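The values are calculated or read from the model by the stated rules, or taken from the named source; none is laboratory data. Owing to the predicted nature of the structure, the values given are computational and were not obtained by experimental measurement. Here the Cβ positions follow ideal geometry from the backbone for every residue, glycine too, while neighbour counts run over all protein chains shown. The area values use the complete protein model at the heavy-atom level, side chains included, leaving out ligands, DNA and RNA. Shrake-Rupley method; radii C 1.70, N 1.55, O 1.52, S 1.80 Å.
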Amino acid sequence: MKLQGVSTLFTSSFADFKRDKVRTALTSLGIMIGVLSVVLLIALGLGLKNYIQNQFESLGANLVMILPGSGFSGGRGPAGLAGGAEFDEKDVRSVEKVPNIKYVVPVYIHSSVITTADKEISGSIMGANEEIFSLINIDVQTGELWKKTDVEKKAKVAVLGNTLAQDLYGNPSDALGKTIRVGGMRIKVIGIANKIGNQERDGAAFIPYTTTFGSMNPKKTFFAIYLGIADKESVTTVKSEVEKTLLKRYDKDRFSVTEQSEILSTVDQIFGILNIFLVAIGSISLMVGGIGIMNIMYATVTERTREVGIRRALGATTRDILLQFLTESTMLSLFGGIVGLIVAWIIVLIVRNWFPVALNLFAVILAIGVSSGIGIFFGVFPAKKAADLSPMEAIRYE
Amino acid sequence: MSSIISLKHLYKEYQLGDGSVFTALRDINLDIHEGEFSAIVGPSGSGKSTLMHMIGLLDKPSRGEIIINSRDVSTIDDNQTSTLRNSYVGFVFQQFNLLNKLTVQENILLPATYSRRNLDFDPIARSEMLMEKFGIISKKDSYPNRISGGQQQRVAVARALIMKPQLILADEPTGNLDHKTGNEIIDLFEELNKSEGITLIMVTHERELAERTRRQIRVLDGEVISDKKK
Ligand SMILES: Nc1ncnc2c1ncn2[C@@H]1O[C@H](COP(=O)(O)OP(=O)(O)O)[C@@H](O)[C@H]1O
Ligand SMILES: [Mg+2]
């Protein structure tokens, strides 16, 4: 009869775990925390990136934005928006003369308290012309969109973003036909937009830009002018034409003409850096977990060295010893890693309801790989040292 | 009587921290015959344990030959040494050296898990037979740190016997036991030697215990100074 085998290795590892509950728990905990923090940090970084990308992508393709300041392309980030030009209808008319532009949409954005018969919440008002709906692909769920004539008539009508309608009235379609009040102005809700998954758009009330001209927007200016370009090929020419036109009125650094794809690549760059930071922070927690494991392993090294000596005296080869310790620390590490992963996964599933966090295979492999590596190394290394002693030296070790 | 182990011009030297060399065993020549019950005696620090570790292949000599069953084993590799430790010899230590995280029975069975040959007996049945015989069957599932010293040493003796070795080596087996319990362990050895013909070597510095064996090997400062047989 032969007892030595794979099943014996597992059984004896389990016997060890049972008897060394504290060591088992602490080692697994170290690995668990390492895996959990790395996976969560990277999930968070990815979530943030997804979120911001979604915001821009839902703006639609072939979109060019005229923004105040040096905009996103100046390399200074959103801060460059400050201190720039304030656009007006004159700019809209001059830009409209540039060929190959399908839509020219002046955009006025204002955050304001929105009041209904029995509610008061803060939301954002987006003043634009009727082309905004085609430009950013908005359609109504109920009711209708306002038209060119409404812009001409300065009609006090609004299309509500789906989330805003829901926040105001509970059920989005209940908003239809109701009157909301914004800074003393009474505006009739004539349509509710489909949900598009962009928080800014879903939370806005769209009204004709002319309607903002008054106490809300006395200077009759716009935050930005969005352009929808007829086809991809003409984007570059349109951009330089528009720039030329605007340079007649503004200095070079008071405005910028930016393509959406440029913004996306800037976002990519920013998040590339952010991810390096997150991985660095994650590595620190992996290290902390690793040091914990190391301490636990070293705290028991005398006892374990004696154990190795005894086992060797009873006929275990160096290989038997290494296999035993390898099995043991691999099981411990994987157990900790898998528990950490499951906890991370559950947290990601919950947070997902509000924020587009995502598990990343690279993060999972990195975290489990590194922490198991540490766990296995510090499990096997002392055993290897003990097995290299003669059994007698190992038994007498202190 | 044929000799089951011979030591020839055996030396064990230790390299000390200050660079000097300490000779723990000097030119040892010894033959152990099958069925003998011998005692290695001598003052503390004279090299008794070191000698026992050489015989049991727990440590390598610096020079000289160890011949087991007519084969020089001083130069064999780890695998072969482990096999010999596993099946040819059984150890009983002063400190018992049981694993506290294994039960009594698991401790006794431990050598069988490292066997690399097919055993001609059932180790589980044998472990039960040994526990029965040594009066520890009721402690079968206990852990070693929960039983008395005398019981622990009986577990150690059962573990030493599980593989049916040719030779039992016991290094001060009564050193951690009271007088009465110690005597009981020696009774057990005597009985194993008489009725089963097991070869036994025991290290002791107690004259009274040494008197009970049939051969006394006296060691002083790393040398065998006398070897008396009854
Ligand atoms: N690893 C070692 N390094 C140096 N000296 C050692 C070592 N092991 C044992 N010795 C020395 O060898 C001598 C014999 O030790 P030992 O065989 O344990 O004696 P005994 O068992 O007779 O009391 C002692 O002087 C001891 O200090
Ligand atoms: Mg000794």
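When the Karplus curve 6.51 cos²θ - 1.76 cosθ + 1.60 is applied with θ = phi - 60°, which whole-Hz ³J(HN,Hα) does each residue of segment A:373-390 get, with x for Gly and Pro?
Result, ordered by residue: x, 4, x, 5, 4, 6, x, 8, 4, x, 5, 5, 4, 5, 6, 7, 6, 6 Hz.
Whole angstrom only: what separates the Cα centroid of segment B:108-156 from the Cα centroid of segment B:1-68?
Measuring centre to centre over Cα atoms gives 29 Å.
Other chains near B:203-216: what is the mean number of their Cβ atoms within 10 Å of each residue's Cβ? Don't skip to the end; give the middle numbers.
Values: counts 0, 0, 0, 0, 0, 0, 0, 0, 0, 0, 0, 0, 0, 0.
Mean shielding by partner chains, rounded to a whole number: 0.
In debye, nearest 20, what is the charge dipole magnitude of chain A about its Cα centre with +1 on Lys and Arg Cβ and -1 on Asp and Glu Cβ, if you could check?
Taking the Cα centre of chain A as origin, the dipole is about 460 debye.
Can you tell me the order of A:84-93, B:153-162, A:323-332, A:257-266 when each peptide is scored by its average per-residue count of other Cβ atoms within 10 angstrom, highest first? Could you put the intermediate results ahead of the total?
Numbers: A:84-93: 16.7, B:153-162: 25.4, A:323-332: 21.3, A:257-266: 18.3.
Result, highest mean first: B:153-162, A:323-332, A:257-266, A:84-93.
Give me the angle, in degrees from 0 to 90, between the Cα long axis of helix A:301-313 and the longest principal axis of the Cα atoms of chain A, rounded to the nearest 10.
Taking the Cα atoms of chain A, the angle to A:301-313 is about 50 degrees.
Using the Kirkwood formula on the Cα atoms of segment A:157-270, what hydrodynamic radius do you get, in angstrom to one decimal? Please report the intermediate quantities before stating the final value.
Details: mean 1/r = 0.0584 Å⁻¹.
Evaluated over segment A:157-270, this radius sits at 17.1 Å.
Relative to the longest principal Cα axis of chain B, at what angle does helix B:123-133 sit, 0 to 90 degrees, rounded to 10?
90 degrees
Considering every residue in B:183-189, what mean count of other chain Cβ atoms within 10 Å of its Cβ is obtained?
Partner Cβ neighbours, averaged per residue: 0.
Once you order the gyration tensor axes a ≥ b ≥ c over the Cα atoms, which shape class does the protein assembly as shown get: rounded for a/c under 1.5, otherwise prolate or oblate by comparing a/b with b/c?
prolate
Treating segment B:142-230 as a set of equal point scatterers at the Cα positions, no solvent, please give the Debye-formula log₁₀ I(q)/I(0) at q = 0.11, 0.12, 0.26 Å⁻¹.
Each listed q corresponds, in turn, to -0.34, -0.40, -1.46.
What aspartates and glutamates does residue A:154 reach when the alpha-carbon gap must be under 13 Å and sequence neighbours fewer than 8 apart in one chain are set aside?
A:130
Over chain B, calculate the relative contact order: mean separation of alpha carbon pairs under 8 Å at least 6 apart, over the residue count, as a percent.
Once normalised by length, the contact order is 29 percent.
For segment B:1-61, which whole-number percentage of the solvent-accessible area (1.4 Å probe, protein heavy atoms only) is attributable to carbon and sulfur atoms?
Ligands and nucleic acids excluded, carbon and sulfur reach 50 percent.
In whole percent, what relative contact order does segment A:86-249 give with Cα contacts below 8 Å and a gap of six or more residues?
This gives 34 percent for segment A:86-249.
Need one value: the accessible area of residue B:180 in square angstrom, 1.4 angstrom probe, rounded to the nearest 10.
Rounded to the nearest 10, that gives 140 Å².
According to the square roots a ≥ b ≥ c of the eigenvalues of the Cα gyration tensor, what is the shape class of segment A:275-372, taking rounded for a/c under 1.5, prolate for a/b larger than b/c otherwise, and oblate for the remainder? Mind showing how you got there, number by number?
On the way: a/c = 3.39, a/b = 2.57, b/c = 1.32.
Prolate.
On the full set of protein chains, 1.4 Å probe, figure out the accessible area of residue B:229 and give it in Å² to the nearest 10.
120 Å²
Counting Lys +1, Arg +1, Asp -1, Glu -1, what net charge surrounds residue A:245 among other residues with beta carbon under 12 Å of its beta carbon?
+3
Put simply, what bits of segment A:274-316 lose 50 Å² or more of accessible area when the other protein chains are there, versus the chain on its own (1.4 Å probe)?
Checking the loss per residue gives A:310, A:311, A:313, A:314, A:315.
Please give the per residue accessible area of segment A:86-249, computed with a probe of 1.4 Å over protein heavy atoms only, in Å².
Heavy-atom accessible area per residue stands at 48 Å².
In nm², what is the average projected area of the convex hull enclosing the Cα atoms of segment B:76-186?
Mean orientational projected area (segment B:76-186, Cα hull): 7.0 nm².
If the cut-off is a Cα-Cα distance under 17 Å, which lysines reach residue B:8, setting aside same-chain residues fewer than 8 apart in sequence?
The qualifying lysines are B:48, B:60.
Taking every alpha carbon pair in chain B, what does the distance histogram look like in 5 angstrom bins from 0, in percent?
Calculated P(r), rounded to whole percents: 1, 7, 14, 18, 20, 17, 12, 8, 3, 1, 0.
Relative to the longest principal Cα axis of chain A, at what angle does helix A:318-351 sit, 0 to 90 degrees, rounded to 10?
Helix A:318-351 sits at roughly 20 degrees to that axis.
Over all directions, how big on average is the projection of the convex hull of the alpha-carbon atoms in segment B:1-107, in square nanometres?
Projected area, direction-averaged: 9.0 nm².
So if R0 is 56 Å, what FRET efficiency would residue A:243 and residue A:14 give, r being the distance between their Cβ atoms, rounded to the nearest 0.05?
Efficiency, rounded to the nearest 0.05: 0.20.
Peptide B:81-87: average number of partner chain Cβ atoms within 10 Å per residue?
5
Calculate what fraction, in whole %, of the accessible area of segment A:86-249 sits on carbon and sulfur atoms when a 1.4 Å probe is rolled over the protein chains.
Here carbon and sulfur together make up 47 percent of the probe-accessible area.
If DNA, RNA and ligands are ignored and the probe is 1.4 Å, what is the ranking of B:201, A:291, A:395 by accessible area, most exposed first?
Correct descending sequence by accessible area is A:291, A:395, B:201.
Report the net charge of residues surrounding residue B:94, where surrounding means a beta-carbon distance below 10 angstrom and charges are Lys +1, Arg +1, Asp -1, Glu -1.
Once all neighbours under 10 Å are counted, the net charge is -2.
Using a 7 Å offset from the Cα along the Cα-to-Cβ direction at both residue B:80 and residue A:343, what is the distance between the two label points in nm, to one decimal?
About 5.2 nm, to one decimal.
What accessible area, summed over both chains, is buried at the A-B interface (1.4 Å probe, Å², nearest 100)?
2800 Å²
Using a cut-off of 14 Å between beta-carbons, work out the net charge of the residues near residue B:221 (Lys and Arg +1, Asp and Glu -1, residue B:221 not included). Don't skip to the answer; put the middle values down first.
Values: positive: B:12, B:26, B:48, B:218; negative: B:13, B:27, B:223.
Computed value for this residue: +1.
Once every DSSP H run of n ≥ 4 in the protein assembly as shown is given -39500 (n - 2.57) and the sum is divided by its residues, what mean residue ellipticity at 222 nm do you get, rounded to the nearest 500 deg cm²/dmol?
-15000 deg cm²/dmol
Residues of segment B:101-124 losing 50 Å² or more of accessible surface, assembly versus chain alone, probe 1.4 Å, please list them.
B:101, B:113, B:114
At 1.4 Å probe radius, can you tell me the per residue accessible area of segment B:57-135 in Å²?
40 Å²
Taking the Cα centre of segment A:86-249 as origin, work out the dipole magnitude from +1 charges on Lys and Arg Cβ and -1 charges on Asp and Glu Cβ, in debye rounded to 20.
500 debye
Rounded to the nearest Å, what's the spacing between the alpha carbon centres of segment A:284-299 and segment A:170-212? Just the number, please.
56 Å
Cut-off under 21 Å on the C-alpha distance; same-chain residues fewer than 8 positions from residue A:252 excluded. Which lysines are left, in chain and number order?
Answer for residue A:252, where 21 Å is the Cα cut-off: A:90, A:97, A:239, A:244, listed by chain and number.
So what's Rg/Rh here for segment A:86-249, counting alpha carbon atoms and using the Kirkwood radius for Rh?
Across segment A:86-249, the Cα-based Rg/Rh ratio is 1.00.
Mind scanning A:21/B:101; A:153/A:220; B:12/B:230 and naming the pairs with a C-alpha gap bigger than 18 Å?
Values: A:21/B:101 11 Å; A:153/A:220 16 Å; B:12/B:230 29 Å.
Those over the limit are B:12/B:230.
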